[in-house]
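Structure first, commentary second.
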Amino acid sequence: METMNDLLEKYFKGETSLAEEQVLKNYFLSGQISAEHELYKALFDTFEDEKQYKLTAPLKMVADKQSSGKHIWIKTVSYSGIAAALILALWVVKPAKQSDTFAIISGKKIESPEYAQKYAEAKITKVNNMLRSSMKPMRSLSTVRKGLEPLRKISETKEKIEEIKNKVQF
């Protein structure tokens, strides 16, 4: 039993010899398989079933051609030349001259500087008005603070009177 476990472990690591693999195949074909090895029975049955199929078309042995150093060198030089030619073409051929002054407003290209300036002034005025309206509560808060100044002085005066009373009592 332990030898079968060892053989299965070696088999799945790819370390078995042909003779050991034949022992495993015979074990699974024998029909006297322990319960712990039932899991692997389907695998070895599949291998046995595959042996029964016959190929109808002949197999051709195809070996990959190894690229020689010279072939790689030629490809590299030709691709580099193509890339250099494209860069040179893009550098020499300049695009048509376009207007230097334009603005994009709401996704549209505007070439009129007057229109762009009026649009910008309108937006700045709108922002300025928003700031003014949002600052109104701050102005009223400063007015309230100024009104509370005398009360602070009263509390300071009260504290001084308390200090004097405490000194006089001792």
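Every number here is computed from the coordinates shown, using simple stated rules; none is lab data. Computed from a predicted model, the values in this text were never measured in an experiment. Every residue, glycine as well, gets a Cβ built from its backbone with ideal geometry; the counts of neighbours run over all protein chains shown.
Odds and ends about this structure:
- Among the trypsin sites (Lys or Arg not before Pro) found in the stretch 83-170, those both in a DSSP coil and sparsely packed, with 16 or fewer other Cβ atoms within 10 Å of their Cβ, are Lys97.
- Converting the Cα gyration tensor eigenvalues of the stretch 120-170 into ellipsoid dimensions via √(5λ) gives semi-axes, longest first, of 49, 8, 5 Å.
- For the stretch 138-150, backbone phi angles converted through the Karplus equation (6.51, -1.76, 1.60; θ = phi - 60°) give residue-by-residue couplings of 5, 5, 5, 5, 5, 5, 5, 4, 4, x, 8, 3, x Hz, Gly and Pro being listed as x.
- Part-to-part distance (alpha-carbon centres) for the stretch 141-161 and the stretch 71-133, which is given in Å: 61 Å
- Calculated from backbone phi, Karplus (6.51, -1.76, 1.60) coupling profile of the stretch 16-22 in Hz, x at Gly/Pro: 7, 8, 5, 5, 5, 5, 5
- Sum of side-chain charges, Ser133 neighbourhood, beta-carbon under 14 Å (Lys, Arg +1; Asp, Glu -1): +4
- Here the extension length gained between Ser80 and Leu39 equals 9.1 nm, from 0.36 nm per residue of separation less the Cα-Cα distance.
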